[in-house]
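Enquirer: Structure provided below as structure tokens; questions to follow.
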Amino acid sequence: MATVAPSKSNKKQQPNSKAGGKGPERRGGEFDHPIFGELGFPADPNNLYRQTVGSMLQAADIMGLPHHLKIILAQPKNEIMVNFPVKMDDGTYRLFKGYRVQHNNALGPYKGGLRFHHDVHLDDVKSLAFLMTMKCSLVGVPYGGGKGGIKVDPYKHSRAEMERIVRRFTAAIAHQIGPDYDIPAPDVGSNAQHMAWIADTYSFLSEVGGHQPEAVITGKPVEYGGSLGREKATGQGVVDTLVELLPEAGIDIKNCRFSVLGFGNVGSWTGKILQDKGAKMLATMDHTGAIRNDGGIDAHALAEHVRKTGGVAGFKGATRIDKDEFYKTKVDVFVPAALEQMIQEPEAQMLNCKVVAEGANAPTTPGGERVLEARGIEVLPAILCNSGGVTVSYFEWVQNKTCHQWDLAMVDRELNKHMVHAAAKVREARRKYKCGLRTAAYIAALERLRNTYEIRGIFP
Ligand code: NAD
């Protein structure tokens with residue numbers, strides 16, 4: 001599969017010897033903070049972990065978060081790396097690398113997805129685990145943050161090989177996860193079938209039949225403990241957020257025109273639900289190419305095409321365009337729903353929209369965000385916008401634990417309550433601190449964490 005990988009700088013990591021001692025500042029236009037030096041963060045300003053923690057530290061400074069909470073939240077509690085052998089279909093063995101990062105569990109068990117991608121690095125997983133802590137806090141679920149993954153291209157392996165890879169990875173981390181301790185879920189490259197293999201393997205290894213071992217993981221097929229509405233949940237949450245916040249940008253969702261970067265789980269569901277509300281998708285791009293139709297692309301038909309062919313390329317209801325044309329397409333809302341760091345300065349310059357609704361995690365770099373801000377484009381931050389997925393994962397876990405299945409109407413209703421409440425907290429923080437929505441979202445998330453730490457204290 002030919003992928004257009006976004007540029008990554010995680011490999012060039014060096015301790016930052018210059019940052020300690022002084023207050024926050026911009027170095028070469030990039031945000032710097034004494035805590036980067038204190039904790040030995042990579043000096044590279046393009047490092048994803050440095051960028052995500054940097055956004056949190058800006059919010060923490062504004063709200064006056066105590067130093068000890070800043071350093072606790074700036075690093076994960078546990079970073080687990082495993083290497084495990086798996087037999088291939090041709091009889092040879094290959095060694096795979098897997099990760100599980102447990103960022104914080106002050107609010108409840110660690111929670112977060114598993115990414116299966118050939119380019120997964122420890123710093124990516126740390127960033128995504130950190131974002132889960134913030135997201136769970138903001139959206140009001142009783143979880144901390146975690147994330148994991150396997151360095152593997154799932155599209156290059158047979159179903160039988162993937163099953164062995166996933167089961168062997170589960171065995172390698174089985175002692176570090178659990179229904180009350182750390183509960184993984186799907187992410188890029190992983191799906192409900194993978195979750196089912198993980199639940200099944202864990203059930204065998206844990207030998208705790210009768211204690212809902214399948215609650216060790218969410219995003220399972222509905223037939224095996226999954227929740228109705230989980231598959232569409234992240235897209236539904238993006239749309240619920242837009243319904244709440246678009247009127248403030250003077251946009252009517254019914255007549256809204258949008259484009260979507262990445263047409264996988266999050267992108268396709270966002271597209272389908274927005275279309276069902278009367279909005280029109282003018283362009284989309286995935287790893288196979290970009291397409292456009294000014295009369296509107298049928299998101300349902302396109303999702304079916306992607307299911308059959310693996311990508312948006314070749315879809316009859318639109319014309320192929322190049323990457324620049326995709327970004328320049330004039331829309332009201334642009335939804336990045338692919339990978340991290342894809343909206344850098346050049347893409348932010350090209351975008352022709354009023355609002356960016358972050359379906360993906362960390363899609364906008366700080367440099368990209370500065371350009372968007374200067375151009376008056378509002379960014380609905382990922383920790384709010386894409387928190388629908390973990391919210392319905394929480395509902396799935398509750399259903400497993402109580403041996404009870406909710407109907408779809410109840411899932412959608414409860415999800416909407418969480419999304420509306422989270423959006424209100426962000427709005428309130430923006431009003432109180434007169435800051436942008438990303439900083440406001442971090443402040444709202446940090447307030448809950450600060451209150452919990454104040455009550456719990458720090459052991460011993
Ligand atoms: P997915 O694997 O279903 O889809 C990913 C999409 O990105 C695919 O369409 C793929 O073609 C596209 N893509 C990959 N590389 C690309 C490139 N270089 N250029 C253009 N397109 C590219 O993954 P997903 O579950 O939809 O996740 C997408 C994003 O949303 C990720 O950042 C993920 O962490 C985040 N997210 C997912 C969920 C969830 O419930 N699935 C929840 C919260 C956040």
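Enquirer: Would you please name the residue that is nearest to the ligand (Cβ to nearest atom), looking only at residues in segment 109-124 that are closer than 15 Å to ASP182 by Cα and surrounded by 24 or more Cβ atoms within 10 Å (Cβ to Cβ)?
Expert: Let us first name the residues in segment 109-124 that are closer than 15 Å to ASP182 by Cα, namely 109-114.
Those left that are additionally surrounded by 24 or more Cβ atoms within 10 Å (Cβ to Cβ): 110-114.
Details: TYR110: 16, LYS111: 11, GLY112: 9, GLY113: 6, LEU114: 10 Å.
Checked segment 109-124; the qualifying residue nearest to the ligand (Cβ to nearest atom) is GLY113.
Enquirer: Hey, can you tell me all the residues within segment 123-153 that are without any contact (Cβ under 8 Å) to a residue 60 or more places away in the chain and farther than 23 Å from VAL392 by Cβ?
Expert: Within segment 123-153, ILE150, LYS151, VAL152 meet the criteria.
Enquirer: Being among the hydrophobic types (A, V, I, L, M, F, W, C) and either more than 19 Å from GLY262 (Cα to Cα) or more than 21 Å from the chain's Cα centre (by Cα) (or both) narrows it down to one residue among ALA357, ALA318, ALA337; which is it?
Expert: Step by step, each of ALA357, ALA318, ALA337 is checked, and only ALA318 is among the hydrophobic types (A, V, I, L, M, F, W, C) and either more than 19 Å from GLY262 (Cα to Cα) or more than 21 Å from the chain's Cα centre (by Cα) (or both).
Enquirer: Can you name the helices (runs of 4 or more DSSP H) wholly within segment 340-394 that have at least 2 residues being without any contact (Cβ under 8 Å) to a residue 40 or more places away in the chain, surrounded by fewer than 24 Cβ atoms within 10 Å (Cβ to Cβ) and more than 11 Å from the ligand (Cβ to nearest atom)?
Expert: Working: elements: 345-350, 366-374, 382-385.
Correct list: 345-350, 366-374.
Enquirer: Search segment 181-193 for residues that are under 14 Å from ALA215 (Cα atoms) and pair each with any residue that is within 11 Å of the ligand (Cβ to nearest atom) and among the β-branched types (Val, Ile, Thr) when their beta-carbon atoms are under 6 Å apart and the residues are at least 6 apart or on different chains.
Expert: Final answer for the pair search is ALA185/THR218.
Enquirer: When only residues in segment 395-424 that are under 23 Å from TYR110 (Cα atoms) and of a type in the set (Val, Ile, Thr) count, which is surrounded by the most Cβ atoms within 10 Å (Cβ to Cβ)?
Expert: Among residues in segment 395-424 that are under 23 Å from TYR110 (Cα atoms) and of a type in the set (Val, Ile, Thr), the one surrounded by the most Cβ atoms within 10 Å (Cβ to Cβ) is VAL411.
Enquirer: Another question about this same structure. Based on what the data block shows, is ASP324 out of contact with any Gly (no Cβ under 6 Å at 6 or more places or on another chain), part of a helix (DSSP H, G or I), acidic (Asp, Glu) and under 26 Å from LEU372 (Cα atoms)?
Expert: Numbers: out of contact with any Gly (no Cβ under 6 Å at 6 or more places or on another chain): yes; part of a helix (DSSP H, G or I): yes; acidic (Asp, Glu): yes; under 26 Å from LEU372 (Cα atoms): yes.
Judged against the criteria, ASP324 is a match.
Enquirer: I'd like to check something: does segment 284-302 contain any residue that is part of a helix (DSSP H, G or I), without any contact (Cβ under 8 Å) to a residue 24 or more places away in the chain and among the hydrophobic types (A, V, I, L, M, F, W, C)?
Expert: Step one: list which residues in segment 284-302 are part of a helix (DSSP H, G or I), which gives 299-302.
Now restrict to residues that are without any contact (Cβ under 8 Å) to a residue 24 or more places away in the chain: 301.
Next, only the ones that are among the hydrophobic types (A, V, I, L, M, F, W, C) stay: 301.
Yes.
Enquirer: Can you find a residue that is out of contact with any Phe, Trp or Tyr (no Cβ under 9 Å at 6 or more places or on another chain), acidic (Asp, Glu) and either within 14 Å of the ligand (Cβ to nearest atom) or not in a helix (DSSP H, G or I) (or both) anywhere in segment 157-177?
Expert: Taking every residue of segment 157-177 in turn, none turns out to be out of contact with any Phe, Trp or Tyr (no Cβ under 9 Å at 6 or more places or on another chain), acidic (Asp, Glu) and either within 14 Å of the ligand (Cβ to nearest atom) or not in a helix (DSSP H, G or I) (or both).
Enquirer: Please verify whether segment 238-246 includes one or more residues that are within 22 Å of the chain's Cα centre (by Cα), closer than 19 Å to GLU369 by Cβ, more than 16 Å from the ligand (Cβ to nearest atom) and buried (at least 19 other Cβ atoms within 10 Å of the Cβ).
Expert: Among the residues of segment 238-246, at least one is within 22 Å of the chain's Cα centre (by Cα), closer than 19 Å to GLU369 by Cβ, more than 16 Å from the ligand (Cβ to nearest atom) and buried (at least 19 other Cβ atoms within 10 Å of the Cβ), which makes the answer yes.
Enquirer: If ALA192 satisfies every condition in (1) within 14 Å of the ligand (Cβ to nearest atom); (2) under 30 Å from GLU347 (Cα atoms) but one, which is the exception?
Expert: The one condition ALA192 does not meet is (2).
Enquirer: Would you point out the residue of segment 197-222, among those that are in a helix (DSSP H, G or I) and within 16 Å of the ligand (Cβ to nearest atom), that is surrounded by the fewest Cβ atoms within 10 Å (Cβ to Cβ)?
Expert: Within segment 197-222, the first condition is being in a helix (DSSP H, G or I), and the residues that meet it are 197-206, 213-216, 222.
Still in the list and also within 16 Å of the ligand (Cβ to nearest atom): 198, 222.
Details: ILE198: 27, VAL222: 14.
Checked segment 197-222; the qualifying residue surrounded by the fewest Cβ atoms within 10 Å (Cβ to Cβ) is VAL222.
Enquirer: Give ALA337, ALA318 a once-over and let me know the one that is closer than 29 Å to TYR224 by Cα, out of contact with any Cys (no Cβ under 6 Å at 6 or more places or on another chain), among the small types (Gly, Ala, Ser) and buried (at least 18 other Cβ atoms within 10 Å of the Cβ).
Expert: Values: ALA318 fails: closer than 29 Å to TYR224 by Cα.
Sole residue among the options that is closer than 29 Å to TYR224 by Cα, out of contact with any Cys (no Cβ under 6 Å at 6 or more places or on another chain), among the small types (Gly, Ala, Ser) and buried (at least 18 other Cβ atoms within 10 Å of the Cβ): ALA337.
Enquirer: Of everything in segment 294-307 that's surrounded by fewer than 18 Cβ atoms within 10 Å (Cβ to Cβ) and closer than 21 Å to LYS328 by Cβ, which residue is nearest to the ligand (Cβ to nearest atom)?
Expert: Per the stated criteria, the residue is GLY296.
Enquirer: Take ASP90 and decide whether it is closer than 16 Å to ASN361 by Cβ and in a loop (DSSP other than H, G, I, E, B).
Expert: Details: closer than 16 Å to ASN361 by Cβ: no; in a loop (DSSP other than H, G, I, E, B): yes.
Taking the combined requirement at face value, the residue does not satisfy it.
Enquirer: Checking GLY108 against (1) on the phi > 0 side of the Ramachandran plot; (2) without any contact (Cβ under 8 Å) to a residue 12 or more places away in the chain, which single condition isn't satisfied?
Expert: In the conditions (1) on the phi > 0 side of the Ramachandran plot; (2) without any contact (Cβ under 8 Å) to a residue 12 or more places away in the chain, GLY108 misses (2) alone.
Enquirer: Which residues, counting only those in segment 234-248, are more than 13 Å from ASP412 (Cβ to Cβ) and among the acidic types (Asp, Glu)?
Expert: GLU244, GLU248
Enquirer: Just give me the residues in segment 401-423 being in contact (Cβ under 8 Å) with a residue 40 or more places away in the chain and assigned to a helix (DSSP H, G or I), in sequence order.
Expert: Taking segment 401-423 as the starting set, the residues that turn out to be in contact (Cβ under 8 Å) with a residue 40 or more places away in the chain are 401, 403, 405-408, 411-412, 415-416, 418-423.
The answer is LYS401, LEU408, VAL411, ASP412, LEU415, ASN416, HIS418, MET419, VAL420, HIS421, ALA422, ALA423.
Enquirer: Another question, if that's okay. Can you name the residue in segment 247-264 that is surrounded by fewer than 24 Cβ atoms within 10 Å (Cβ to Cβ) and under 11 Å from LYS354 (Cα atoms) and is also farthest from the ligand (Cβ to nearest atom) among such residues?
Expert: Ranking the candidates gives GLY250 first.
Enquirer: Now a separate question. Out of the residues in segment 265-283 that are assigned to a strand (DSSP E or B) and buried (at least 24 other Cβ atoms within 10 Å of the Cβ), which is nearest to the ligand (Cβ to nearest atom)? Even if it seems obvious, please write down each step before you answer.
Expert: First, the residues of segment 265-283 that are assigned to a strand (DSSP E or B): 280-283.
Filter once more, keeping what is buried (at least 24 other Cβ atoms within 10 Å of the Cβ): 281, 283.
On the way: MET281: 14, ALA283: 12 Å.
So the residue we want is ALA283.
Enquirer: Can you pull out every residue in segment 75-95 that is buried (at least 19 other Cβ atoms within 10 Å of the Cβ) and more than 18 Å from the chain's Cα centre (by Cα)? Steps first, please.
Expert: Taking segment 75-95 and keeping what is buried (at least 19 other Cβ atoms within 10 Å of the Cβ), we get 76, 80, 86.
Across segment 75-95, the qualifying residues are ILE80, VAL86.
Enquirer: Given the criterion of a type in the set (Gly, Ala, Ser), out of contact with any helix residue (DSSP H, G or I) (no Cβ under 6 Å at 6 or more places or on another chain) and closer than 27 Å to ALA233 by Cα, identify the matching residue among GLY144, GLY149, GLY113, GLY91.
Expert: Details: GLY144 fails: out of contact with any helix residue (DSSP H, G or I) (no Cβ under 6 Å at 6 or more places or on another chain); GLY149 fails: out of contact with any helix residue (DSSP H, G or I) (no Cβ under 6 Å at 6 or more places or on another chain); GLY91 fails: closer than 27 Å to ALA233 by Cα.
After ruling out the rest, the residue left standing is GLY113.
FYI, it's all coordinate maths here, none of it is from the lab. Since this is a predicted model, take the numbers as computed values, not measurements. Every residue, glycine as well, gets a Cβ built from its backbone with ideal geometry; the counts of neighbours run over all protein chains shown.
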